[in-house]
Structures are given as C-alpha cells and as structure tokens.
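Here's the structure we're looking at; comments come further down.
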Amino acid sequence: MNIRTGRWSVLLMTLLLVFSSGCNITTALDTDTKQHLSKYDALAQKKNDQLDLEPLKLEPYAREVGGKISAPQYRKFAANSSVLVKGSATKHADFRSNVAWIEVEKVGADGNRDERKFSYYARLKKGHFSQQVQLFAGTGSYQVTVRLPGKEREDRFYDLAQFEVINVNPLKKRDLAYTRIGTKIGLTVEEPRSGLVKKKKRFELKGKIRQPSGNRVMIRLEKDGQRWQHLIPVKDGTFTSEVPLFYGRGIHKITVLSQDKDRSEYYNEAVSMWVDNQLDVKQEPIQYFKHYDERGVKLEAPLVSGGSGKMKYQIKGHIDPEAPFAKETKHLIVQTKKGDQEATYFIPVKDGRFNDTFWLRFGKGDYEVTVNVPEITNVQRDYFRFFGVARFHVTNTEDQDLRNLLPSRGIQSDNGTIRSLAEELTRNKQGDRAKVFAIYQYVSKNIRYDVAKFKHDAFEYDDSALKTLHEKDGVCQDYSFLAIALLRSIDIESRFIEGMAEGNRHAWVEVKVKGSWITMDPTWGAGYINGSDQFVQRYTTKYFDPSPREFARTHSRTGVMY
C-alpha cells in the first residue's frame, strides 16, 4: 500500500498491518486521521472498503529459501500512486545475486515494454530488501511480481509472490529505471532526480559510479525510432553532461550505459529515464569522430548542430589533461565550408580550455563546420596535418560577404598593434592605391627572407602576421600574412593567393583598388636568394601591380586561401 511521509502515513501503515483481511479498514481510522488523508489516499481507502482483501500468498520458492513478504499483505488492494514492498529470505547464503527483482506491469496496457513494464532491483542486505514501487502509468491495475535470486546462475530469478494493486491517482510518475548491472556497479543518477521530468530543449545529467569499469559511459537518446549515442568521460567516478533533446516535443528516453568490465568496446544498459521536451524545436546532433574521445576533447558549446550566428559563432570547451598530447595541444583548427568556399581559423587552448569565436565570412547561408586537433609531431614539413573531432552546421543570418575583410588564419587584422601600424603607414596618403603601395613598401623593406625556414620546412602553427612583425623575418606566407593583415585593418579588401613560382610553392597578395583587383608580391619585392643560398635584400617596385603577362611568366595562381 501507499506509504506517505509524515506521522499520518506511519499511523495508517500501522493500522493496516494489525488488521486481518476480514476487518473494515476505514472503520479502524479515527476521524482526525481521515481528515488528514489526501484526496487520493481517501479514494484508495474507499476502494479498499469495497474489496475482499485476501491475504497475500507466497510461491513454492519461498519455502525453499525461507522467503517472506512483510508488505504488502494482500493479493489485491488499492493505493495512491506507490506501494512499499518489503521482504526477506533466511536461506540467502547461496544466492548468486545480491538483489531482489520487482517487476511492475500495467494490466491491459498497450504500447512498447517501457509503457507496460518497469523493473526494480532492490539490494539484499542479509537477506532483507525494501523498495518503494511507483505505479508509473497513472490510474489502473498493476501486477507486481517479486522474485528472489537463484542459486545456480547470476541471471536466474524465481517468483516469491505476486499481487495486484489498483492505482487511484491519475498522475504519471516514474522512478529512475536502474538495471541489475547498474545496481551492481553502484551507478546512481543525481540529476535528474526522478525518472520522468519536463525540460526545454536540453537537460543536465549528473551521476556517479561506485565501481567504474572504464573511463567513459555512453548516453543513448531515443524517440519515435530515432536514436543518438554519445560517449562522455568518467572522472573520479563521476560523470556529467548537458544532453540535448533533439527530436522535438514529447518524451525522449535516455539510457546511460556503462563499459563492460571485460570488453571495453561493449556497453551495458545501467539506468534509463524519460524526459518530456516541452518545445517543438527539433535539433540536429553534432557528428563526433574517433579523435574526439582519443584526444580528450569536450565541447561545451555548441551542444547541437544547426545553430545560427551573425557573422561569427562561439566555440567553447576543454581538453582532458590526462588525454594523449593534451599539454602539447595549444590550439584547435576550425574549418568552415559554404558551398565550395572554405576558411580556416585557429582557436587557442590555454590551460586545457578554449573559448573563442570564428567568422562566417562568406555571407548569409548554411556553413559546415569541422573542428580539428593538430597532429603533434617533430617532423618538419611545409604543410600541417590535423584530425577531425567534431562536425556541425551553423547558419549565418547576416547578408554581408566580408571574406576579404575579416581576420582569418594567420591574419590578425583586428589586432590593435596591426591597425596602429597600418594607420601610421598610410597617414596623409591620398587614395587606396597610395595606401596599398605604402604597405607593400613597408613589408618588402622591413622583413628579411628566412632561407633556413624555406630549406628545412620549419613551418609552425603559430606563423602569423603578428609573429612576422615581431621577428621581422619569414617566407612568402609570412610576408603575405602581414601585408594582408595591415590592409584589412584599414578596410581595404585583400586576399591570400596560393600558387607556384619557378617550380616552388609560393604565396602573394591580391588587393582591391578602385573596384579592381591588383597583384603584389612583397616577398619578391624584398630581394632574392643568391647562388650561395643567401638572401640579398634588394627592394624593388617591380612586383607591385606588375603587368599580368609579365607576372604570369614566373607565377601561376592556383587559388585563394581564407
């Protein structure tokens, strides 16, 4: 029967236990007690007055193990929402499991198993068990079967008793549905606190595992045949995650699965819960790749694909300090793609955390975004390798296409030092062409070509306009980074050109002047490498807006890098 907290519930239970099945329960209650019963307690009591309360009968297995049921006492009775089940077994030493299995089934219910049945695994302590059982589907009859462990196999249980309880309360409530394995490993969920909650778009999941068998748990989200799975880390026996409710309004089933102790790639159901999403909004899952877990990346924002931003978008999270290369990972690489247009951005990682924005530079529309971690290696190359960890979509709501004005990888045009230098170089210059020429002149005259870097492929992830300005040397990419950063900082459109020059990979600049694109190559304008592989500084204006025909004799353009 339902046991409510407080002194009146204790009084009610005491009275129920002392009366035999032939007694009228209602008449045994004094007037003061009746007045304090809730509407549904009173309704259950009235229903019990109408029933022939027959004593509960035990199954044959009870004699074999000395089994008893101390609550409830009747084969069929009414209750308000829940009922206490208590029992014991005197001959429990040979049990192969340490839990009693209590299965609750809604009589005559349609739908899937979750809508019809619910199981509890109550811990056995010196042969005793006690479990408050929720009648999960509102009003109606429920068949409750109590089973005790077998002696031959861990997964074998035998019926101890069976009874029917009529729930008079229409409210649907669910407990967290722990499995036998979840109970065995001591997995407990702290948030949410019940098995059926109402949320909007997402909810927070928090839990602990007393005996973790691995360093991760799996979350499985299901609704109407749709399914999403995701791994989250377990640290010091705890796990936590924001879980998006992807599939719109209605009930989502969430299952937490623990790693199998013998096979780490296998996961066993440990606990389930149901979350009723109150919003119609459907969300798209983020796609995660194997390096997401292997490199310990944890995205905190975004949590779902399909977000929107005005020209830029935030990415936030952390890297597990115990993951491989965690300390060496100083940045993430974000690639955005809109149609056939691509751009790359570096997101700094400091003390294992990252929180920055990247640009949606190609105007209004949908962008595919891939988050990557760099390969950590000592090998010197003229290219970088990185590995995808996550992919999602973002919609830019702004019409402007600022691809040639916004900052990009290696081009910190929004930096105050860069902007101040550009303003100083172009002060009193009349017209954009004069300003562009002043910047070409500065970069060509003030940056020395780094022959060793070119010869030994000594490229670094932090190569950039600021680094070039500070060190005053570099190769073609660095000359171009600095020139473009200076130009964009004063709102002159410019772009990084990739190509070939005399059989080698090369980079130069295109800049828009009076509505037309002109070419400049500040690297070749700075000087040349002699036969002794030494840089000879010899400034020339030959490579500022050169004749396209002459330029094409030494340079071949392959594309634009953003």
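Bear in mind that the values in this text are calculations on the coordinates, not laboratory data. Just so we're clear, the structure is a prediction, and the values are computed from it rather than from any experiment. Positions of Cβ are backbone-derived with ideal geometry, glycine not excepted, and every protein chain shown enters the neighbour counts.
Between LEU43 and LYS316, what is 0.36 nm times their sequence separation minus the Cα-Cα distance? Round to one decimal in nm.
Using 0.36 nm per residue and subtracting the Cα-Cα distance, I get 92.9 nm.
Note the full-extension length gain between ARG156 and TYR266 as 0.36 nm times their separation in residues minus their Cα-Cα distance, in nm to one decimal.
Numbers: separation 110, 0.36 × 110 = 39.60 nm, distance 2.24 nm.
Result: 37.4 nm gained on full extension.
Can you classify region 98-246 as rounded, prolate or oblate using the Cα gyration tensor, where a ≥ b ≥ c are the square roots of its eigenvalues, rounded means a/c under 1.5, and otherwise it's prolate if a/b beats b/c and oblate if not?
Details: a/c = 2.06, a/b = 1.20, b/c = 1.72.
Since a/c reaches 1.5 but b/c is at least a/b, the shape of region 98-246 is classed as oblate.
Please give the FRET efficiency for HIS470 paired with GLU115, using the beta carbon to beta carbon distance and R0 = 51 Å, rounded to the nearest 0.05. Before the final figure, lay out the partial values.
On the way: r = 66 Å, r/R0 = 1.29.
So, using R0 = 51 Å, E works out to roughly 0.20.
Beyond 30 Å between alpha-carbons counts as too far, so tell me which of LYS290/LYS312; LYS39/LYS206; LYS253/LYS290 fall in that bin. Intermediate values should be presented prior to the final figure.
Working: LYS290/LYS312 27 Å; LYS39/LYS206 35 Å; LYS253/LYS290 25 Å.
Too far apart for the 30 Å limit: LYS39/LYS206.
With charges set only on the Cβ (+1 for Lys and Arg, -1 for Asp and Glu), what does the dipole of the chain come to about its Cα centre, in debye to the nearest 20? Spell out each step's value before the answer.
Values: 89 positive and 72 negative charges, 245 e Å.
I would put it at about 1180 debye.
Quick check: pseudo-label points 7 Å beyond the Cα along Cα→Cβ at LYS542 and ASP366, how many nm apart are they?
Here the modelled spin labels are 5.0 nm apart.
Taking the Cα centre of region 369-414 as the origin, how large is its charge dipole in debye, to the nearest 20, when only Lys and Arg (+1) and Asp and Glu (-1) carry charge on their Cβ atoms?
Numbers: 5 positive and 6 negative charges, 61 e Å.
Dipole size: approximately 300 debye.
Let's test the formula: R0 of 30 Å, r as the Cβ-Cβ distance of ASP276 and GLU300. What FRET efficiency results, to the nearest 0.05?
On the way: r = 25 Å, r/R0 = 0.82.
Once rounded, the FRET efficiency stands at 0.75.
Report the Cα centroid-to-centroid distance between region 335-370 and region 106-131 in angstrom, as an integer.
49 Å
Report, ordered by chain and residue number, the lysines lying within cross-link reach of LYS151, taken as a straight Cα distance under 28 Å and ignoring same-chain residues fewer than 8 apart.
LYS57, LYS68, LYS86, LYS91, LYS117, LYS125, LYS126, LYS184, LYS261
Can you give the charge dipole size of region 457-514 about its Cα centre, rounded to the nearest 20 debye, using +1 on the beta carbon of Lys and Arg and -1 on the beta carbon of Asp and Glu?
Numbers: 7 positive and 12 negative charges, 74 e Å.
Its charge dipole is roughly 360 debye.
Tell me the net charge near SER194. Cut-off is 9 Å between Cβ atoms, SER194 excluded, with +1 for each Lys or Arg and -1 for each Asp or Glu.
Value of the local net charge: +2.
Keeping to pairs on different chains or 8 or more places apart, tell me how many lysine pairs in region 416-561 have Cα atoms under 23 Å apart.
Step by step, the pairs that qualify in region 416-561 add up to 23.
Which of these values of semi-axes √(5λ) of the Cα gyration tensor in Å was calculated from the structure shown: (1) 39, 35, 20; (2) 73, 24, 16; (3) 46, 27, 20?
(2)
Label-point separation (nm) for PHE535 and LEU58, each offset 7 Å from Cα along Cα-to-Cβ?
9.2 nm
Among the listed pairs LYS201/LYS223; LYS208/LYS235; LYS201/LYS235; LYS106/LYS172, which have their C-alpha atoms separated by more than 19 angstrom in this model? Display every interim value, and only then the final one.
Numbers: LYS201/LYS223 14 Å; LYS208/LYS235 9 Å; LYS201/LYS235 26 Å; LYS106/LYS172 12 Å.
Listed pairs above 19 Å: LYS201/LYS235.
Given a cut-off of under 8 Å on Cα pairs at least six residues apart, what relative contact order in percent is computed for region 495-562? Before the final figure, lay out each step's value.
Working: 107 pairs, mean separation 26.2, N = 68.
With pairs under 8 Å counted, the relative contact order is 39 percent.
Provide the gained length on full extension for the span ARG433 to LYS253, in nm with one decimal, where the gain is 0.36 nm per separating residue minus the Cα-Cα distance. Mind showing how you got there, number by number?
Numbers: separation 180, 0.36 × 180 = 64.80 nm, distance 6.33 nm.
Length gained, ARG433 through LYS253: 58.5 nm.
Under 1.5 on a/c is rounded, so check that first for region 386-517, then, if it is not, pick prolate when a/b is larger than b/c and oblate when it is not; a ≥ b ≥ c are the square roots of the alpha carbon gyration tensor eigenvalues. Could you put the intermediate results ahead of the total?
Numbers: a/c = 1.60, a/b = 1.03, b/c = 1.56.
Here region 386-517 falls in the oblate category.
For region 205-271 and region 404-450, what is the separation of their Cα centres, given in Å?
52 Å
What's the FRET efficiency of GLU284 with ASP382 using the Cβ-Cβ distance as r and R₀ = 30 Å, to the nearest 0.05?
Working: r = 37 Å, r/R0 = 1.23.
It comes out at approximately 0.20.
Would you be so kind as to identify which of GLN380, LEU406, ASN446 lies farthest towards the positive end of the dipole of region 310-458, taking Lys and Arg as +1 and Asp and Glu as -1 on Cβ and the Cα centre as origin?
ASN446
Show me the trypsin sites (Lys or Arg not before Pro) within region 311-381 that DSSP assigns to loop and that have at most 15 other Cβ atoms within 10 Å of their Cβ. Please list the in-between numbers first.
Details: sites: LYS312, LYS316, LYS327, LYS330, LYS337, LYS338, LYS350, ARG353, ARG361, LYS364, ARG381; in loops: LYS327, LYS330, ARG361, LYS364, ARG381.
Taking region 311-381 and a limit of 15 other Cβ atoms within 10 Å, the loop trypsin sites (Lys or Arg not before Pro) found are LYS327, LYS330, LYS364, ARG381.
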